[in-house]
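These notes are about the structure you will find just below.
Computed from the coordinates by the stated procedures, all read-outs in this text should not be read as laboratory data. Note that the structure is predicted; figures quoted are calculated from it, not measured. A quick note on method: Cβ atoms are made from the backbone with ideal geometry, for glycine too, and the neighbour counts reach across all protein chains shown.
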Amino acid sequence: MAKSDALTQTVCEIVQGHGGMPTRLLQILRDVQDRLTWLSPETLDRVAEGLHISPVKVRGVAEFYSFLYTAPRGSYDILFSDNITDRMLGNRELLHALCDRLGVRMGETRADGRVTVGVTSCTGMCDQGPAALVNGYALTRLDKLRLDRIVELVNGQIPLTQWPSEFFEVISNIRRADILLGRHFADGTALRAVLKRGSEAILEEMVKSGLRGQGGAGFKSAAKWISCRNAPGEEKYVVCNADEGEPGTFKDRVLMQDFADLVFEGMTLCGRVIGARQGFVYLRGEYRYLLESLEATLQRRREVGLLGEAILGDPTFDFDIDIHLGAGAYVCGEESALIESLEGKHGVPRIRPPFPTTHGYLNQPTVVNNVETFAAAAKIAVEGGAWFASRGTAESKGTKLLSLSGDCERPGIYEYPFGVTVRRVLEDCGARDAQGIQMAGPAGHMISARQFDRRICFEDLATGGSFMVFSHRRDILDGVRNFAHFFVHESCGFCTPCRVGAPLLRDLVTKVHTGHGTRYDLEEMRKLGRIMQVACHCGLGQTAPNPVLDSLEQFPEAWERRLRSTTFEPAFDLDAALEQARQLTGRSDPDAYLREEELMMGAMP
């Protein structure tokens, strides 16, 4: 068979396996890449033909996601996690050592096409780093001995299925459990409760519980379910946001690994309450290792009557769940961008209103909740709203899962009632020398030791669920610089304030961090940060300046000691930049050079 014919057949089989649905475009591209290692122009054209959509659209989607490759990659594609917590654990030394041993430059493919080595923002393995991905599968607890073995395996062309299983071991590290991670109930108990008591009664329990979205925004969950239930539309959908791309956050990974039945039960419960028959889990691309076990759990639930048609024998109760795997786009954690991705498009946030509860997936009413939220909803259906609300604070009911990483003795997952102090959390995880923490990932807030008596709750310090701890031996600006680079990499580029502002902010941070900044630059960072907070299209851009602005307030001394004494220093040498033009034109006269006073005039704001 000719190569072109084989390509067409491969693409055709994969497209047909997804029902020829354009909404499955991202999943189709992932499957095609798995078979062919990359997405060539001809391959993308064949996908477009198979789906009867524009090649431009297919190419645009392929180029949007960082885990889709439109240029050849090695047979072994190794991406080191470059989160700040991995850097604390020495990932950069390991990365350079691996490149040296393999004879490949970082970000490039080896001449024989066997291996590519690069970096990715975060793998969600912050409690067991340094971590990496190989062909999309997580490698944990890397050290020099494991790297030596990986070099042997790559050079020996050993299939991943024959690599040591301990290299891929992901430990849950549950350090403290409460009502969510503690007592369990039999599968199907929440579904029996809704069939026995009715949807209205369950909604009443949800209202009593005070449950708020656990992804960080904190919107009242019952209000979201009621809005969707009452919205006009024949088809309604339930979407579980398992795309926890915020560096430092990994609680949803643990829930999906150890408590998948609880999450699926909560989704199915929601489907019954709002009148939906279809649910989706949007699973973070870095959690690909979970896909097979999650699919097996779904199939088992279908076989025992907890999913699919006529659930628990009730002919009016039909609900099923599909898993969509992301492909490396942080912005898809935003619910409207996630919906766009589910529909086979770029993950660009929508303008709101309208909101997903009335105009969501395929423009139909849709509930989008976080993994932790669905797990909590299932427990509320069984135990009651008052039981859940008995813990927490006046405005923050129940418990919160926290992901602890960085400079602490016992990283992992901790469950506390809302209202716990930062100091208590740090004591429990063994963070004995903390100078500050980054809460809720780079998009959250940085606080110093002066604020460790503040409480974790929506009334005080709201968080999506992560603590990255920095001890006194760390330079806090290393973290800020890492976060600034992260937001540049993850911006979708849709709006100018984010597309332009994030790189400008990164460059200013780098300028000060490398010892070339002045107080003028600090004030420029403040101005630019405030503009981004009010002018950016979505939460990514609006929160991107947070680490910079918070650190300027909380750790002014860290910035001050990096400053030069001058009132202004340009970020680059403008006169030197004109040297090539002078050479091309043969100019060497005095007027071909910028005078010092001209440089200073150009620097004035």
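Odds and ends about this structure:
- Equivalent-ellipsoid semi-axes of the chain, from the Cα gyration tensor, Å, largest first: 41, 32, 25
- Percentage, to the nearest whole number, of Cα pairs in segment 3-64 over 16 Å apart: 30
- Computed per residue of the chain from DSSP H runs no shorter than four, each worth -39500 (n - 2.57), the mean residue ellipticity at 222 nm is -13000 deg cm²/dmol.
- Net length gained if the chain between Thr70 and Glu409 were fully extended (0.36 nm per residue, minus Cα distance): 117.9 nm
- Helix 199-209 axis, angle to the chain major axis (alpha carbon atoms, nearest 10°): 50
- Highest-first packing order for the peptide set 164-174, 321-331, 454-464 is 321-331, 454-464, 164-174, based on the mean count of other beta carbon atoms within 10 Å.
- A simple spin-label model places pseudo-atoms 7 Å from Cα toward Cβ; at Lys3 and Arg423 they are separated by 6.8 nm.
- Relative frequency of Cα-Cα separations exceeding 25 Å in segment 353-500, percent: 44
- Hull volume in cubic angstrom per residue (convex hull over the Cα atoms of segment 1-148): 121
- Distance-filtered residues of segment 151-177 - backbone nitrogen under 15 Å, label point 7 angstrom along Arg114 Cα→Cβ: 151-160
- Bridge type composition, the chain - antiparallel percent by DSSP, nearest 5: 45
- Cβ-Cβ FRET estimate between Lys220 and Glu579, R0 fixed at 56 Å, reported to 0.05: 0.35
- Total charge dipole magnitude, the chain, about the Cα centre, Cβ charges on Lys, Arg, Asp, Glu only, Debye to nearest 20: 960
- Long pairs among Lys224/Lys527; Lys57/Lys224; Lys144/Lys400; Lys220/Lys379; Lys220/Lys400, criterion Cα-Cα beyond 25 Å: Lys224/Lys527; Lys57/Lys224; Lys144/Lys400
- For segment 33-98, fraction of C-alpha pairs farther apart than 14 Å, in %: 65
- Counting only residues at least eight positions apart within a chain, or on another chain, the aspartates and glutamates with an alpha carbon under 12 Å from that of Lys3 are Glu42.
- The local environment of Phe470, defined by Cβ-Cβ distances under 12 Å, has a net charge of -1 under the rule Lys, Arg +1 and Asp, Glu -1.
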